[in-house]
1. What stretch of the chain, leaving out the sites themselves, is the longest with no chymotrypsin sites (Phe, Trp or Tyr not before Pro) in a DSSP loop having at most 14 other Cβ atoms within 10 Å?
2. Accessible area, 1.4 Å probe, largest first: how do SER32, SER46, SER104 sort?
3. Once both axes come from the Cα atoms, what is the angle between helix 53-70 and the longest principal axis of the chain, in degrees from 0 to 90, rounded to 10?
4. Per residue of the chain, what 222 nm ellipticity follows from adding -39500 (n - 2.57) for every DSSP H run with n ≥ 4, rounded to the nearest 500?
5. Sort HIS87, HIS146, HIS237 by accessible area with a 1.4 Å probe, largest first.
6. Step through the residues of segment 71-76 one at a time and calculate ³J(HN,Hα) from phi using the Karplus curve (6.51 cos²θ - 1.76 cosθ + 1.60, θ = phi - 60°), rounding each to whole Hz and writing x for Gly and Pro.
7. From the backbone phi of segment 81-86, what are the Karplus-calculated ³J(HN,Hα) couplings (6.51 cos²θ - 1.76 cosθ + 1.60, θ = phi - 60°) in whole Hz, Gly and Pro given as x?
8. Please calculate the 1.4 Å probe accessible area of SER57, with all protein chains present, and give it to the nearest 10 Å².
Amino acid sequence: MTTSPVDQTVGMPRIGDKAPAFTAKTTQGDISFPADYEGKWVILFSHPADFTPVCTSEFMTFATMAEDFALHNTELVGLSVDGLYSHIAWLRTIQEKISFRGMSNVEVTFPLIDDVSMEIAQKYGMIMPGEAATQAVRAVFFIDPHGVIRTIVYYPLALGRNFDELLRIVKGLQVADAFNVALPADWQPGERVIVPPAGSCGTAKDRMAGADAGVECEDWFFCTKELPLEEIQERIHRR
């Protein structure tokens, strides 16, 4: 029986699943994923192809922001279905020749996976035949220190990613875990957070009694409290 290309996405990992394990050659040596990153957050992301303009702009941005992600205990790992020598040549070209939005001489130091066989891309559902049968879409997997997938974001080939949002997701996931809260629409660190459980304000107030007098309720299902940026920074960066 012949399997149609669409069937290749069946069984793709979901939020809450363990990140599928693999070993691979990269521009920074061999890796065993996610075992090599135990205890760290990881952003595993795919791009359609080397020597393409949108991907070039993204890699320059990721590389420039690498320290921002590192401040939040987050490593970057890239992937495309190109080979290792293509990766190396492309990254060298980026550093030596490309300027974009004030960025130049950008060195990419995080690993870029060689996946010519498309085995890893298929395993993670990065190949979507309706978009491209031989290129990975712009998938982004946020994986926590226990190897669990916590967020998945997909972009089509023509649309570059929003990197402020990718960093916000990292911050938000870590704050939600560290403080046992939920985060409202467009939340930024330092803004009010939502107090769970959402069952009743009485429950929320009782749970926070003595610990936080700043709980405010709009109705029985919607309670928030202040969470100062200084408190976030102290706890998150202490971990």
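The values are calculated or read from the model by the stated rules, or taken from the named source; none is laboratory data. These numbers come from a predicted model, not from an experiment. No Cβ is skipped: glycine too gets one built from the backbone with ideal geometry, and neighbour counts run over all protein chains shown. Remember, those area values only see protein heavy atoms, side chains included, never the ligands or the DNA or RNA. Shrake-Rupley method; radii C 1.70, N 1.55, O 1.52, S 1.80 Å.
1. Formally, the longest exposed-site-free interval is 52-219.
2. Working: SER32 45, SER46 0, SER104 65 Å².
Result, largest first: SER104, SER32, SER46.
3. Compared with the principal axis, the helix lies near 40 degrees.
4. -9000 deg cm²/dmol
5. On the way: HIS87 0, HIS146 140, HIS237 90 Å².
Sorted by accessible area, descending: HIS146, HIS237, HIS87.
6. So the Karplus estimates, Gly and Pro as x, are 4, 10, 6, 10, 9, 10 Hz.
7. Couplings: 8, 8, x, 4, 5, 5 Hz.
8. 30
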